[in-house]
Structure formats: structure tokens, C-alpha cells
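Have a look at the structure below before the remarks.
The values are calculated or read from the model by the stated rules, or taken from the named source; none is laboratory data. What you see is a predicted model, and the numbers here were worked out from it, not measured in a lab. All Cβ positions, glycine included, derive from the backbone under ideal geometry; neighbour counts span all protein chains shown. Side chains are part of the model used for accessible areas, which takes the heavy atoms of the whole protein and leaves out ligands, DNA and RNA. Shrake-Rupley method; radii C 1.70, N 1.55, O 1.52, S 1.80 Å.
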Amino acid sequence: MAKKENQELLENPEALKEKLAGAEHWIEDNPKIVFSILGALVLIVGGFFGYRYWVGSQDNQAQKDMFQAVRYFEADSLNLALNGDGNNLGFLSIIDDYSMTPAGKLANFYVGSIYLKQGKFKPAILYLEDFNSDDLLVQARTYSLIGDCHMELKEFEDAAKFYTKAAEYKPNKFFSPTYWMKAALAYEKLNQPAKAREVYDQVIEKYWDSNESQNARRYKAKLNTNS
């Protein structure tokens with residue numbers, strides 16, 4: 001019925017004129033509603049662009065505040081990187097102060113990496129899972145680090161899952177073979193030699209020109225000998 005009515009309006013200029021006139025009268029009779037709707041739209045649009053501007057300015061400040069923490073991380077001064085030095089913020093404070101910014105989210109990656117190095121595997125998983133990125137390298141690396149945590153906790157099934165996610169995230173011949181090799185080791189730990197062979201075969205066939213290809217051949221041969 002609605003479709004038929006719309007077609008009639010298009011074919012009948014007088015009917016369309018009456019509809020438009022009715023709309024004009026409604027606007028004249030209900031100015032408060034009209035201005036309320038327009039005001040709400042202005043607030044929504046203004047709020048959106050205002051929020052984007054605020055996040056951008058906050059992110060710039062977060063990157064400046066995080067600079068020294070990154071330097072401590074690279075120097076392996078892990079406690080200073082985490083907690084700061086009294087003058088410069090550590091990653092934990094960056095997360096608290098700038099949680100909505102890209103820099104604040106990146107701080108989760110650093111904290112997770114530090115906790116992994118310190119043997120605090122469960123907290124490391126929590127922080128690493130709070131990080132996400134479209135970056136080719138860092139997101140896959142994050143999945144792999146979560147897999148490392150699960151391996152240390154002897155949670156081999158979860159480790160295999162995250163190594164597989166790392167390998168399948170924007171696959172490439174430089175890093176994916178390494179993640180597949182880790183997945184194969186997790187499957188061996190699970191006593192699932194068939195799955196481990198599948199992974200080794202994938203590295204051998206798909207990434208034949210990678211550095212891991214020869215290792216995959218050797219580990220597969222060893223697996224066949226022991227089976």
C-alpha cells in the first residue's frame with residue numbers, strides 16, 4: 001500500500017503538492033518539536049567531531065608521556081617502564097590516564113609483554129587481550145605472545161589456538177611460518193601428531209622459501225620416526 005501511495009504521489013503533482021503543503025503546516029504548527037530535533041542533531045554532530053578532536057589531542061599528549069616508558073622498555077628496565085620513575089609516567093599510568101586513546105591501548109601491549117617476561121602469565125594475557133590493532137606486525141605478535149603465556153601455563157590447546165590466529169592474521173612469509181611452527185609444537189605437546197604434521201606440511205609447501213621450511217622438514221621426520 002505504501003509503495004502504491006508513493007507511486008501515485010510521483011504521478012500526481014497536485015497530490016504531491018498537497019502533501020508538501022501539509023508538511024509545511026505541520027512544521028509551522030510544531031516549531032518547538034522542529035527546533036528540538038534540529039538542536040539534537042547539532043549536538044550529536046558537534047559532539048562527534050568534538051570527541052574526535054579531544055581523543056586526538058589526548059593521544060598526542062599520551063605519546064609524549066609514554067616516550068620515556070618505551071625507552072625503559074627497550075633498555076629492559078621493566079619496573080621503571082611499568083611504574084615510571086617519579087618524573088615520567090609508566091605504562092600502567094598511561095593506561096589509567098589515556099585509556100581511550102591509541103597510545104593508551106598500545107600501552108596494554110607493553111604491559112602484557114613485560115608481565116610475560118616477568119613470568120606473570122595470567123595478568124599478561126589480560127593486558128594483551130585488551131590490545132587490538134590493524135597493524136600487520138603488532139597484532140599478530142600479540143596473538144603469539146598470548147600463545148606463549150598459555151604454553152608457559154601448560155594450556156597447550158589455547159596456545160595452539162592463538163598461534164594459529166597469529167599465523168593466519170594477514171599471513172606473510174616472514175612471520176607466519178614462525179607462528180605455525182609454534183602451533184605445531186603446541187599440538188605435539190597435546191599428543192596430536194596428525195595436526196602437528198599438517199602444520200609442518202603447510203610450512204613446507206606454502207612457505208618453502210622461508211627459514212622455517214627446513215626446520216619443519218626435520219621436525220616432521222622426527223615426528224614420523226617417533227610415531
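Does Lys154 count as modelled with pLDDT of 95 or more and surrounded by fewer than 23 Cβ atoms within 10 Å (Cβ to Cβ)? Yes: the conditions hold for Lys154. Here Leu92 clears all of (1) at pLDDT 95 or above; (2) of a type in the set (A, V, I, L, M); (3) open to solvent by 80 Å² or more (accessible area, probe 1.4 Å); (4) more than 30 Å from Asn191 (Cβ to Cβ) except the condition numbered (3). Every condition in (1) among the hydroxyl-bearing types (Ser, Thr, Tyr); (2) assigned to a loop (DSSP other than H, G, I, E, B); (3) open to solvent by 50 Å² or more (accessible area, probe 1.4 Å) holds for Tyr127 except the one numbered (2).
Taken together, the criteria place Asn132 among residues that are open to solvent by 10 Å² or more (accessible area, probe 1.4 Å), in a loop (DSSP other than H, G, I, E, B) and either touching a helix residue (DSSP H, G or I) at 6+ places or on another chain (Cβ under 8 Å) or closer than 25 Å to Asp59 by Cβ (or both). Taken as a whole, the structure leaves Lys195 outside the set of residues that are basic (Lys, Arg), open to solvent by 60 Å² or more (accessible area, probe 1.4 Å) and either within 30 Å of Tyr110 (Cβ to Cβ) or part of a loop (DSSP other than H, G, I, E, B) (or both). Residues in segment 153-174 that are touching a Leu at 6+ places or on another chain (Cβ under 8 Å) and either among the charged types (D, E, K, R) or within 16 Å of Ser113 (Cβ to Cβ) (or both): Glu157, Lys170.
Hey, among Tyr163, Tyr207, Tyr187, which residue is aromatic (Phe, Trp, Tyr) and under 22 Å from Lys120 (Cα atoms)? Steps first, answer last, please.
On the way: Tyr207 fails: under 22 Å from Lys120 (Cα atoms); Tyr187 fails: under 22 Å from Lys120 (Cα atoms).
Just a single option satisfies the conditions, and that option is Tyr163.
Checking each residue in segment 216-227 for being touching a Phe, Trp or Tyr at 6+ places or on another chain (Cβ under 7 Å), charged (D, E, K, R) and open to solvent by 80 Å² or more (accessible area, probe 1.4 Å) picks out no residue at all. Residues in segment 198-215 that are within 21 Å of Leu137 (Cα to Cα), open to solvent by less than 50 Å² (accessible area, probe 1.4 Å), assigned to a helix (DSSP H, G or I) and not hydrophobic (A, V, I, L, M, F, W, C): Glu212, Ser213. Considering segment 182-192, the residues that are open to solvent by 20 Å² or more (accessible area, probe 1.4 Å) and part of a helix (DSSP H, G or I) include one that is nearest to Leu137 (Cα to Cα), namely Lys182. In segment 109-138, the qualifying residues are those that are at pLDDT 95 or above and of a type in the set (S, T, N, Q), and the one that is nearest to Ser99 (Cα to Cα) is Ser113.
Quick check on segment 102-119. Is at least one of its residues under 19 Å from Ser144 (Cβ atoms), outside any helix (DSSP H, G or I) and either open to solvent by less than 60 Å² (accessible area, probe 1.4 Å) or not basic (Lys, Arg) (or both)? The answer is yes, given that some residue of segment 102-119 is under 19 Å from Ser144 (Cβ atoms), outside any helix (DSSP H, G or I) and either open to solvent by less than 60 Å² (accessible area, probe 1.4 Å) or not basic (Lys, Arg) (or both).
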